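Since the structure comes first, as structure tokens, the remarks are kept for the end.
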Amino acid sequence: MKFFHIFYGLLAVAAIALWLLVSQNGFGSTVDAQAYWYAAQSFHHKGQFLTPQGYYTNWTPLFPITLSLLGVKTTLFITLIINLILIFKFTKNVFDSELNNLSSYLAYSHTITSVFFILIHFFVWSEAGSMALLIASVLSIQKLHKNQDWAIFIILSNLLCMQRMAGIFFVIFFFFWIWKQHTWQKAFMYGILASLSLLAWFTRNFFIQNKPDFIDNIFMVSLESSFLGYAEAVLNIFLPSFFIPNILKIFFLGIFLLILLYVLWKKFPPISKLLSGIIFSYLFIMIFLRMNVEGESERYIAPIIPIIIFLFWKQISLFLNKNNHLYRRISGYAMAFLVIAYNIFRTYKNVYQWITTPPDLISINF
């Protein structure tokens, strides 16, 4: 067996072991988690989607349906395994099957050791499933040759919207990507077919409520606060941001968005353009809609965090090239060490806290 298979396998086993450790007494609960769990139980016993407050319209139904069929523990464990497999496939895709490339090691390690990865598989949230569906969609959209390929991609797109309402933001980008890469007719058909499930869900909600609950989540904060929340979330993927002045955080996010646009429109590899477009469109829409809750921005961008990480290391690989000057390679190695060390320490800190001072938990019995 080659070294890289052992390396990726050991990291995956470590992630599973860590998940088993933090989830042995139950799974993280928040207001959203309680709503998902209540809706799952009401669907299981009554065939209706309800929350403790009334109708279930603030979210889409796929996650509570899955919970109702499999229970919390099985759902999150299966999602964890699927994500580990998909991220491995994503590594091969982004780095052209060069799994022994240092940057591919770093991208995979960074993703698996990041606190967000354990976080979204420990709390009863829909983000873990959304991340799996998004990565599967990214892999799928690059291979649209036969009718079967299109059918699979359209199904994945509908599931994205049914897992999280924000999945429609990815569908919007995919629409333009297909228009550019294929034809406007295919893009138009995709847009219609990929939105059918969400249209059906909105129609159901219309007959239940005049004003769906999710409307209240839009424009919750000022544009500055929205920008700052997502700036901190992006920066914290790599290094702590608490010591950086707010104006600089906003400036860095603005530069990041401009870099994404630059990659999207200039002569870069198609995979870099695809990843840049997904990140830019999602971040731009989320910032504009100001769908922020204090301290939750990192959770909201969790589905695109692996894409941010892989795009980052794809570009950093230029610094780690053996043909580069020594100072550039040293800079790249130093950055890699700091980022990975920070993420391991941050994950350890949070996992230790969850074990010693557990948050509100949802029982694993169902």
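The values are calculated or read from the model by the stated rules, or taken from the named source; none is laboratory data. As the structure is a computational prediction, the values presented were derived from the model and not from experiment. Cβ coordinates were reconstructed from backbone atoms using ideal geometry, including for glycine residues, and neighbour counts include every protein chain displayed. Side chains are part of the model used for accessible areas, which takes the heavy atoms of the whole protein and leaves out ligands, DNA and RNA. Shrake-Rupley method; radii C 1.70, N 1.55, O 1.52, S 1.80 Å.
Annotations
- Size of charge dipole - the chain - debye, nearest 20, with Cβ of Lys, Arg +1 and Asp, Glu -1, no other charges: 1080 debye
- Distant-in-sequence amide H partners of residue 51 (H built 1.01 Å from N, under 5 Å): 56
- Trypsin sites (Lys or Arg not before Pro) restricted to DSSP loop in region 245-285 with at most 12 other C-beta within 10 Å: 266, 267
- Region 153-284 shape via C-alpha gyration tensor axes, a/c threshold 1.5: oblate
- Separation of alpha-carbon centers, region 136-200 and region 219-239, rounded to whole Å: 28 Å
- Gaussian network model of the chain, Cα within-10 Å springs - most flexible of 22, 221, 31: 31
- Of all the options 197, 225, 331, the one that moves most in a Gaussian network model of the chain with Cα springs shorter than 10 angstrom is 331.
- Gyration tensor (alpha-carbon) shape descriptor, region 176-250, a/c threshold 1.5: oblate
- Here the dipole of region 26-140 is about 260 debye; that uses its Cα centre as origin and unit charges on the Cβ of Lys and Arg (positive) and Asp and Glu (negative).
- Per residue, in Å², the accessible surface of region 195-349 once ligands and nucleic acids are set aside, probe 1.4 Å: 55 Å²
- As a fraction of the 1.4 Å probe accessible area of the chain, surface on carbon and sulfur atoms comes out at 67 percent.
- Within the set (i) 36, 22, 18; (ii) 71, 22, 21; (iii) 31, 25, 21, the number that semi-axes √(5λ) of the Cα gyration tensor in Å takes when calculated for this structure is listed as (iii).
- Cα gyration tensor shape of region 264-310, rounded if a/c is under 1.5, else prolate or oblate by comparing a/b with b/c: oblate
- Region 109-203: trypsin sites (Lys or Arg not before Pro) in DSSP coil with no more than 13 other Cβ atoms inside 10 Å: 143, 146
- Unsatisfied cross-links (Cα-Cα over 21 Å) in the set 89/249; 92/143; 89/180: 89/249; 89/180
- Gain upon complete extension [residue 74, residue 243; 0.36 nm per residue less C-alpha separation]: 56.9 nm
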